[in-house]
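S.K.: This is the structure I want to talk about, given as structure tokens.
The values are calculated or read from the model by the stated rules, or taken from the named source; none is laboratory data. Note that the structure is a prediction, hence the values are computed from the model and not measured. Counting neighbours? That spans all protein chains shown, and the Cβs are built from the backbone with ideal geometry, glycine included. Quick note on the areas: whole protein, heavy atoms, side chains included, nothing else; ligands and nucleic acids left out. Shrake-Rupley method; radii C 1.70, N 1.55, O 1.52, S 1.80 Å.
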Amino acid sequence: ELCKGINGLDKVVLRESRGTSAEVYLYGGQVTSWKNDHGEELLFVSSKAIFKPPKAIRGGIPICFPQFGSHGSLEQHGFARNRQWSIDTDPLPFPTNSLSKAYVDLILRPSEEDLKIWAHSFEFRLRVALSPGGDLMLTSRIRNTSADGKPFTFTFAYHTYFSVSDISEVRIEGLETLDYLDNLQNKERFTEQGDAITFESEVDKIYLSTPTKIAIMDHEKKRTFVLRKDGLPDAVVWNTWDKKAKQMADFGDDEYKHMLCVEAAAVEKPITLKPGEEWKGRQELSAVPSSYCSGQ
Ligand code: BG6
């Protein structure tokens, strides 16, 4: 269902028979809502988010492509998150999502202007799907369509903003003891020590070569998000905490308490595609009551 969202921007609403839903803006190809069968919002979107080009929407799942963060010469997080995507009327088959009936296929191709800042032609196909159980599945297929015979290289992230009740009560399992690059310390490499990850100050880390499953436990909500990924070796973890929150115009001063970014990503080892080659990267999210997870 294609309809108008905030400021008249086009959005697609996906509904699954058990009552779960998701919303995807064509601006940015960005998921901005994912609700469970009780109608509870599972993603964070700032109350100050600006739904207006050229600013990227603060929250949901921005797509970072062809560059993650400041790891390159392009604008922060690349340009895909502030471009107008189209509905893909001629999608390639996405075999692994075939069970889902609630999905949308989007496509992004570079404009003439884009080719001036990144001289590579590509087709970026994004499928956003809700599984019959309400899991949110994002699959990206990026193809090098250049005629000039040149390969291109990119980094990538599904910049996922989870909605949490209280950041101080949240922990992440699946990243302990891993190496990470710390964006707050000149991207230097460290090794995580000790137990599950908890939060008491600003965090901006890129965990390297992580397991394919990461759990985000929200004790107060008694909810666990499970993030599964494929083709995306790294995982970014980000929370502004209070000081940085105050510096951001499109983010409320206290909103850091209610959000946590955990992002399936490919950052440390950029991906190279020769002409005609395709890369695929998937992120699947489920939200389960914590009691179901005990003993794991
Ligand atoms: C995170 C980065 O993924 O995104 C942070 O690791 C960055 O360094 C954050 O601050 C938000 O970026 P932006 O461009 O959306 O403000």
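S.K.: What are the residues in the range 62-93 that are hydrophobic (A, V, I, L, M, F, W, C), outside any loop (DSSP other than H, G, I, E, B) and either more than 12 Å from the ligand (Cβ to nearest atom) or over 22 Å from F251 (Cβ atoms) (or both), if any?
M.R.: As a first pass, look at the range 62-93 and keep what is hydrophobic (A, V, I, L, M, F, W, C): 63-65, 68, 74, 79-80, 85, 87, 92.
Checking the rest, the ones that are also outside any loop (DSSP other than H, G, I, E, B) come to 63-64, 80, 87.
The answer is A80, I87.
S.K.: So, I117, is that one surrounded by fewer than 21 Cβ atoms within 10 Å (Cβ to Cβ), more than 16 Å from the ligand (Cβ to nearest atom), more than 30 Å from E1 (Cα to Cα) and β-branched (V, I, T) or not? Break it down into steps so the answer makes sense when it comes.
M.R.: Numbers: surrounded by fewer than 21 Cβ atoms within 10 Å (Cβ to Cβ): yes; more than 16 Å from the ligand (Cβ to nearest atom): yes; more than 30 Å from E1 (Cα to Cα): yes; β-branched (V, I, T): yes.
Yes.
S.K.: Checking G69 against (1) open to solvent by 10 Å² or more (accessible area, probe 1.4 Å); (2) touching a helix residue (DSSP H, G or I) at 6+ places or on another chain (Cβ under 9 Å), only one condition comes out false. Which one?
M.R.: Just one mismatch for G69, condition (1).
S.K.: Can you list residue pairs whose Cβ atoms sit under 6 Å apart, with the first residue in the range 271-293 being modelled with pLDDT of 95 or more and the second being open to solvent by 50 Å² or more (accessible area, probe 1.4 Å)? Count only pairs 6 or more apart in sequence or on different chains.
M.R.: T272/P151; T272/T153; K274/P151; P275/G149; E278/R143; R282/D230; E284/R228
S.K.: So, one more: Would you tally the residues in the range 184-216 being over 21 Å from H71 (Cβ atoms) and open to solvent by 30 Å² or more (accessible area, probe 1.4 Å)?
M.R.: 9
S.K.: Could you check S209 against (1) in contact (Cβ under 8 Å) with a residue 60 or more places away in the chain; (2) in a loop (DSSP other than H, G, I, E, B) and say which number it fails?
M.R.: Evaluating S209 over (1) in contact (Cβ under 8 Å) with a residue 60 or more places away in the chain; (2) in a loop (DSSP other than H, G, I, E, B) leaves (1) as the failure.
S.K.: Let me ask something additional. Looking at the range 1-41 only, could you name the residues that are open to solvent by 50 Å² or more (accessible area, probe 1.4 Å) and in a strand (DSSP E or B)?
M.R.: The initial filter retains those residues of the range 1-41 that are open to solvent by 50 Å² or more (accessible area, probe 1.4 Å), namely 1-2, 4, 6-7, 15, 17-18, 35, 37-38, 40-41.
Passing the criteria: L2, K4, R15, K35, E41.
S.K.: Which condition from (1) surrounded by fewer than 17 Cβ atoms within 10 Å (Cβ to Cβ); (2) touching a residue at least 12 places away in the same chain (Cβ under 8 Å); (3) within 14 Å of the ligand (Cβ to nearest atom) is the one that P53 breaks?
M.R.: All conditions are met except number (3).
S.K.: Looking only at the range 195-212, how many residues end up being within 11 Å of the ligand (Cβ to nearest atom) and either hydroxyl-bearing (S, T, Y) or farther than 12 Å from L232 by Cβ (or both)? Spell out how you get there, then give the answer.
M.R.: If we filter the range 195-212 for residues that are within 11 Å of the ligand (Cβ to nearest atom), which is where we start, we get 202-206.
Adding the requirement that they be either hydroxyl-bearing (S, T, Y) or farther than 12 Å from L232 by Cβ (or both) leaves 202-205.
Adding up the residues that qualify gives 4.
S.K.: If you don't mind, another one. Residue check, F152 against (1) open to solvent by less than 10 Å² (accessible area, probe 1.4 Å); (2) in contact with a Pro (Cβ under 8 Å, 6 or more places away or on another chain); (3) closer than 25 Å to V262 by Cβ, all met but one. Which one?
M.R.: Of the numbered conditions (1) open to solvent by less than 10 Å² (accessible area, probe 1.4 Å); (2) in contact with a Pro (Cβ under 8 Å, 6 or more places away or on another chain); (3) closer than 25 Å to V262 by Cβ, the odd one out for F152 is (3).
S.K.: Can you find a residue that is open to solvent by less than 20 Å² (accessible area, probe 1.4 Å) and polar (S, T, N, Q) anywhere in the range 164-178?
M.R.: Among the residues of the range 164-178, not one is open to solvent by less than 20 Å² (accessible area, probe 1.4 Å) and polar (S, T, N, Q), which makes the answer no.
S.K.: Is it true that some residue in the range 235-255 is open to solvent by 50 Å² or more (accessible area, probe 1.4 Å), hydroxyl-bearing (S, T, Y) and touching a Phe, Trp or Tyr at 6+ places or on another chain (Cβ under 8 Å)? Break it down stepwise before answering.
M.R.: Step one: of the range 235-255, the residues open to solvent by 50 Å² or more (accessible area, probe 1.4 Å) are 242-244, 246-247, 249, 253-254.
Subsequent filtering for residues that are hydroxyl-bearing (S, T, Y) retains none.
No, the range 235-255 has no match at all.
S.K.: I would also like to ask the following. L260 versus (1) more than 11 Å from the ligand (Cβ to nearest atom); (2) of a type in the set (A, V, I, L, M, F, W, C); (3) not in a strand (DSSP E or B): which is the lone unmet condition?
M.R.: (3)
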